[in-house]
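Let me begin by presenting the structure, written as structure tokens, before commenting on it.
The values are calculated or read from the model by the stated rules, or taken from the named source; none is laboratory data. Given the structure is predicted, the values throughout are model-derived calculations rather than measurements. Cβ coordinates were reconstructed from backbone atoms using ideal geometry, including for glycine residues, and neighbour counts include every protein chain displayed. When the accessible area is computed, the model is the full protein with side chains, heavy atoms only, and any ligands, DNA or RNA have been set aside. Shrake-Rupley method; radii C 1.70, N 1.55, O 1.52, S 1.80 Å.
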Amino acid sequence: MAPVQAQVLLSPAELSYLHSSLSLDPPIRPDGRSPTQFRPLVAESDILPGANGSARVCFADGTEAIVGVKAEVEKSQWQPTPDKETADVDMDDEEEEETGVGENSWVEMSIEIPGFRDDDSLPVFLSAMLTEALLASGDLKDRLYINQRFHWKLYVDILLLSPPLSYPLPLLSLTTHLALLSARLPALKSEKEEDPLFDDDWEASTPIYPRSGRQKPYSAYLDKPPVTLLVMAVGQNIIFDPSKEELAVAEAVLAVSCAASQSKTSEAVRLLTIRTIDPPSRLTPPGIPNLLNSATGGVVPVSSTDAMAQREAMSLLGVWTPPRGGIKRNLVGRVLKIVVEKGGVAEEVLEALEKVEVES
Amino acid sequence: MTDRRRINAPSGGTNAPVFVNPATPADSLASQRPTRTRAPDELRKIFLKTGLVPLASGSAYLELSPPSAPPTKTLTPSRTSLKLTCAVHGPKPLPRSAPFSPHLILSTTVKFAPFATRARRGYIRDSTERDLGVHLETALRGVVIGERWPKSGVEVIVTVIEGEEDGWWGDGLVGGSSGAGGGGWGLMSVLAGTITVASAAIADAGIDCVDLVSGGVAAVVRDVDAKGKGKTEEGLQEGESLVLDPCPAEHKDMVAACVVGYLAGRDEITEIWMKGETGGAADVLLDKAVHAAVASVTVVKEAVKESIEQKYKDVLSSGQGGFRGPNITKEVEMTG
């Protein structure tokens, strides 16, 4: 049985009001934000001394998350490699021993949400989504390679401290991003195929996501971990970082992960993953129009099937009807454009997150 | 979480040993990699039949045509195909302990049989199987008209009898890579098949839907020897091409893939799962996946039509006055 999600206690009339104000042009959000504006947040990074990297983000609505990144040295599984003697027939020249290729299993993520078992669908879905984005950006797992016999195993442990008042995806994604930015691995002292030996000077450690300059006011990151944005659509409007009340009337919800692009192309960010999320609005109770309500002078239908047939036949403005069907295809394209374009939302978010560590 | 009630096999899974003749150098093994013989926009043939599980209120079986591989010297099949069954139980009343729900409660389960893939799967659902279940639920939730069944639940159970591999079995030996996402590509074909088979089973169960949903998958692949294969679309890089219904074993390097659950009648998408570095081609990839879904919905339609004709055979043959539905003597009103 599906876990009973914390339902928003809004009446059909309130839902209908919210829906119509969000479908205005420009939309009027309950907290007065613009469609692309995020909720204010407090963020700090590198807070846990026992972790390789950590961060804490607290949203204005009271949801708070802590992420710790820990790395352990682990033995790699033996991989048969093409023989040196037959190297002349080796077709994969790009795969040199110098730059090892990482495996997906080297990154492990766990999400703890109060009130949910760890095998409930929400934590499983969230961790699958965040892991996928992390691995899709490519370089991370290759940086965990030490030599043919050893690798780093990266554990990303996400702890949501507050109950999930709104869909926790943006919060968890931003916190993970900050924690990974601050994560550092001890510097390697041993040579290529020796058993790994590390420098115990923490000052000499290397960040997982390297920066172009080594001095304290760090210059820009060469590569950054991905962020996952939650986007919802109401009518023709596209709204970012929806709150719980806004999600209750969403017609479609998408989670879009992107990372900064390495090449200077026309687009500022690279798209990594897209997933649809089941909007909770489908489970809201429908409103009953006055025509079918005896208290307002209407005629109550005789049977429940009759009521269903009459209710579905009318489409009244101002009476809440839970959305059906899916997302229009052109809407997906518009969402992607807004996220990815130069000066778009993703670029803005990535830039804002970079400032967190610069100041701390 | 471990199951303490039975003695389980090793958690790491066991592999059937694959012996490589040491006399053959790596490149002769590499030449055994299967190649795609279909056109880039051609799907594998789909076999879909409904009503195979008599105890379930609706069921369906889907199979992608097995590869007609040229005879090889090894016993290892060069590529895998997909075999799925789906059973739909319900709508049935919720248990008394469950809280009131004004909607149909949809619960979806996707389970790989232990023997479905090369590495053995356990009996307990792991996180990828749960994740697929959530994807399937998202795809179906928008389609089923839930308001018509208050206080009831329906279970959609998909069993993967044979799952698509994430890559070719020889990849580990000759040093091929499974691309940027690093595997997981087989799951995308499995999800597309899962959506299609569940849609047919729900139609077979007679649950009201806004439209028939169908799954489609498309991928951006980078083939070294794919000169002239596939059209170079806008936004793709050199050597990349778009294929519908990819078989991960046939492509050395998969760059990105996209699964959609598509409602052909309404031109709407209930489920998107895209991953990998699409570059600027995300739109094109999505459109291609929709093309694949449109192709598979024709199979669903045929299968559903066939099952309806089978069910109401006597009505159709005897009654001249048109289609009247099954001979139910008295309508049963559900109370409680």
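Note on B:H291: accessible area is roughly 100 Å² with a 1.4 Å probe, heavy atoms of protein only. Of the listed residues B:K305, B:K45, the order by accessible area with a 1.4 Å probe, largest first, is B:K45, B:K305. Highest GNM mean-square fluctuation, chain A, Cα pairs closer than 10 Å: which of A:L291, A:L140, A:L122? Taking springs between Cα atoms under 10 Å, the residue moving most is A:L291.
Projected label points at B:S11 and B:K301, each 7 Å from Cα along the beta carbon direction, are separated by 4.9 nanometres.
If R0 is 51 Å, the Cβ-Cβ spacing of A:R39 and B:D314 corresponds to a FRET efficiency of close to 0.25.
When the surface is traced with a 1.4 Å probe over the full set of protein chains, A:S11 keeps roughly 50 Å² accessible.
Note on the range A:313-360: Cα Rg divided by 2.2 N^0.38 Å, N the number of residues, gives 1.96. For chain A, the longest principal axis of the C-alpha atoms and the axis of helix A:304-313 are separated by about 80°.
Build a GNM of chain A with springs between Cα atoms under 10 Å apart, and of A:I288, A:I274, A:I239 the one that fluctuates most is A:I288. Over every Cα atom in the range A:116-191, the radius of gyration and the widest Cα-Cα span, Dmax, amount to 15.1, 50 Å.
Applying 1/(1 + (r/R0)^6) with R0 = 30 Å to the Cβ-Cβ distance of A:A187 and A:Y155 gives a FRET efficiency near 0.90. With 29 Å as the limit on Cα-Cα distance, the pairs of B:K288/B:K313; B:K45/B:K288; B:K92/B:K301 that go past it are B:K288/B:K313.
In Å, what Kirkwood hydrodynamic radius results for chain A from the alpha-carbon pair distances?
Numbers: mean 1/r = 0.0434 Å⁻¹.
Here the Kirkwood hydrodynamic radius works out to 23.0 Å.
Against chain A, whose longest principal axis is taken from its Cα atoms, helix A:345-359 shows a tilt of about 50°.
What you get for the range A:221-352, charging only the Cβ of Lys and Arg (+1) and of Asp and Glu (-1), is a dipole of about 340 debye around the Cα centre. Relative to its residue count, the range A:264-360 spans a Cα convex hull of 186 Å³ per residue.
Here the simple spin-label model places points 7 Å from the Cα toward Cβ, and for A:R211 and A:T296 these points are separated by 6.0 nm. With both labels modelled 7 Å from their Cα along Cα-to-Cβ, the A:A13 to A:M308 distance reads 2.8 nm. Just the protein heavy atoms count here, and of the accessible area of chain A at 1.4 Å, carbon and sulfur take up 55 percent.
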